[in-house]
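Just so it is clear, none of the values below were taken in a lab; they were calculated from the coordinates. All figures in this text were calculated on a predicted structure; none of them were measured in a lab. Cβ atoms come from the backbone with ideal geometry, glycine included; neighbour counts cover every protein chain shown.
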Amino acid sequence: MATTTAAITLTSADLLTDALSLSATNTLYKSGSTVGLDQTTGMARAFLTATTVVDIFPQLIEASIAFENKSSWVYICNKSEDETEFITVKICEQVIGKLYAQDFLWMPWSMRESANANNHHGDITVEPSVATGMAIEFTCINEGTEYPTENLATA
Amino acid sequence: MATITAQLTVNSDISDYGISINKSMTLTKAGTNQGLERTSGVQRAYLTNLNHVDLIKGGLAGSPVADMTVTGATAAKVYIKYLSDDTSKFVRIGLGNAADGTTQTANNGDGTFFEIGRLYGNEWMIIPWNGASNVGDITVQPSVATTADEAIVEYIVFFE
């Protein structure tokens, strides 16, 4: 069984009158258990050269009955060095927020399928603010992946 | 101008190559190097039933971030933790609007709810926050909560 630990420390010496220091650590388990997550997409790096919205986890079939509501964790980091550049992160086409240069997020992902008639899935997408090239890094650590079946059709 | 730093560390032996994330970010205002300078402070929500409710409303009266400027050109970060030692319990964290009542509804882009993910006992998350009115509320719904066994969710918002 794999062991994955995640830790965060939030600090500020000058935001408040007193120093802020907040820390949390946890082990990533399969949903509702104490069994460690055992699958991952691996850490990916992409260089995006268009301002189009892209699905960064296409290999995960979000509508999968087997893995919807299972435990998945997502890390996304905007590797840009230009503080004016950002990526807009969405889930199911709703904006979560913007990651500016060197910002990251760490969040759970339910891979939910919307019950809405528009057939929206819980895709996590990113949209660069510029087309001049932005690097992002991302990974998903999860307990289940249903890969697309072979499709050799060319049209 | 304040300096707020978030340090994320993730280590895993999930494969022979493992995963190691060691990343620090300084929380800044949108498009600048100036630090965020406002905060909700550390808040705790005590949930005593299974209702699906707003945890954080963007820029509304009565909200811990009532003075937040909600536009597409501002920056905010949200940290949320579910305080429980029981890893079988969870809270659903959603995006949308639970103000229409206690009924969990599916996203349709018009101000209802879509589940981002679930925080099981002792898990936490940190995300940027758009805070858009109507569709940008961060919602929460516990899997188990009673007056005798409250679900406690801790959070803090940093914003400009």
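Assign one of three labels to the range A:1-61, namely rounded, prolate or oblate, based on the Cα gyration tensor with a ≥ b ≥ c the square roots of its eigenvalues; rounded applies when a/c is under 1.5, prolate when it is not and a/b is larger than b/c, and oblate otherwise. Don't skip to the answer; put the middle values down first.
Details: a/c = 3.28, a/b = 1.25, b/c = 2.63.
Because a/c hits 1.5 or more and a/b fails to exceed b/c, the range A:1-61 counts as oblate.
Order of B:L55, A:L16 from fewest to most other C-beta atoms within 10 Å?
Details: B:L55 21, A:L16 11.
Final ranking by Cβ density, sparse to dense: A:L16, B:L55.
Taking only the C-alpha atoms of the protein assembly as shown, Rg followed by Dmax gives 18.5, 64 Å. With the charge dipole of the protein assembly as shown set up from +1 on Lys and Arg Cβ and -1 on Asp and Glu Cβ about the Cα centre, the Cα lying farthest toward the positive end among the listed residues A:T9, A:A131, A:A44 is that of A:T9. Taking amide H as placed 1.01 Å from N in the peptide plane, A:R112 has its amide H under 5 Å from the amide H of A:N69, A:G122, each at least 5 places away in sequence or on another chain. Close amide-amide hydrogen proximity is noted between A:F86 and A:S129, A:V130, each under 5 Å apart and 5 or more residues distant or on a separate chain (H modeled in the peptide plane; Pro and chain starts excluded). At the listed q of 0.21 Å⁻¹, the Debye profile of chain A, built from one uniform point per Cα, gives log10 I(q)/I(0) equal to -1.36.
Counting only lysines at least 8 places from A:K70 when in the same chain, those with an alpha carbon closer than 20 Å to its own are A:K30, A:K90, B:K81, B:K89.
In the range A:7-105, which trypsin sites (Lys or Arg not before Pro) fall in coil by DSSP and have 13 or fewer other Cβ atoms within 10 Å? Could you put the intermediate results ahead of the total?
Values: sites: A:K30, A:R45, A:K70, A:K79, A:K90, A:K98; in loops: A:K30, A:K70, A:K79.
Passing sites in the range A:7-105 do not exist.
Amide H to amide H, with H built 1.01 Å from N, A:Q102 comes under 5 Å of A:N78, A:K79, A:S80, counting only residues 5 or more places away or on other chains. Converting phi to 3J(HN,Hα) with the Karplus coefficients 6.51, -1.76 and 1.60 and the offset θ = phi - 60°, the range B:76-82 yields 8, 10, 10, 10, 9, 9, 9 Hz in sequence order, with x at every glycine or proline.
Ranking of B:K89, B:K23, B:K77 by neighbouring Cβ atoms within 10 Å, starting from the fewest: B:K23, B:K89, B:K77. Counting every other Cβ atom within 10 Å of each residue's Cβ, A:L152, A:L10, B:L83, B:L119 order from fewest to most as A:L152, B:L83, A:L10, B:L119. Annotation: extensible slack from B:D67 through B:T9 equals 17.7 nm (criterion: 0.36 nm per residue apart, minus Cα-Cα distance). The 3J(HN,Hα) values that the Karplus relation (6.51, -1.76, 1.60; θ = phi - 60°) gives for the range B:26-33 are, in residue order, 9, 7, 10, 5, 4, x, 9, 9 Hz. Gly and Pro appear as x.
For the range A:141-152, 3J(HN,Hα) computed residue by residue from phi via the Karplus equation (6.51, -1.76, 1.60; θ = phi - 60°) reads 10, 8, 10, x, 9, 9, 6, x, 6, 4, 9, 9 Hz, glycine and proline entered as x.
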